[in-house]
Amino acid sequence: MAVEPLHLTVSARYRLKLLSRGPRQYGLEDYQCKALSRRGLIAPLPDQSADGTRRWAITEDGLTVLQSYIQPIRKAARQPERSAMIPQEPRSIDDSAG
């Protein structure tokens, strides 16, 4: 049974992409971190800075959701355009003058 992918805004996908490279620090009141955390896509790490920031890391579910967005884009990018599939005869500069 196929699971319908979660709808994520572009900024949320970008945040997941950044976190897929490693944990990052964001403020405690960061609304996007809170929203992604409620959905189980990221999780706070136990350490908290004195300056009021917290390190966040992507979860396995977050990686799965991110992959579901990346895969269709890569498949579409690999397909050649229809005009590129039509063989064309090589033309020289002299042929176009005619």
Subject >> Backbone HN-Hα couplings from phi across the range 33-44 [Karplus 6.51/-1.76/1.60, Hz, Gly and Pro as x] >> reply: 5, 4, 5, 5, 5, 4, 7, x, 8, 9, 9, x
Original post:
Expressed in nm to one decimal, what extension gain is obtained for the pair Tyr69 and Lys34 from 0.36 nm per residue of sequence separation less their Cα-Cα distance?
Top reply: 10.5 nm
**OP:** Tell me the label-point distance for the pair Arg55, Thr9, using the 7 Å Cα-to-Cβ offset, in nm and rounded to one decimal.
**Re:** 2.7 nm
**OP:** Report the percentage of all Cα-Cα pairs in the range 14-75 whose separation exceeds 18 Å, rounded to a whole percent.
**Re:** 33 percent
Original post:
Hey, can you rank 56-66, 41-51, 8-18 by average C-beta count inside 10 Å, highest first?
Top reply: 56-66, 8-18, 41-51
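Where a number appears in this text, it was derived from the coordinates with a stated rule and is not lab data. All values derive from a computational prediction rather than experimental measurement. For neighbour counting, all protein chains shown are included, and Cβ atoms are generated from backbone atoms with ideal geometry for every residue, glycine included.
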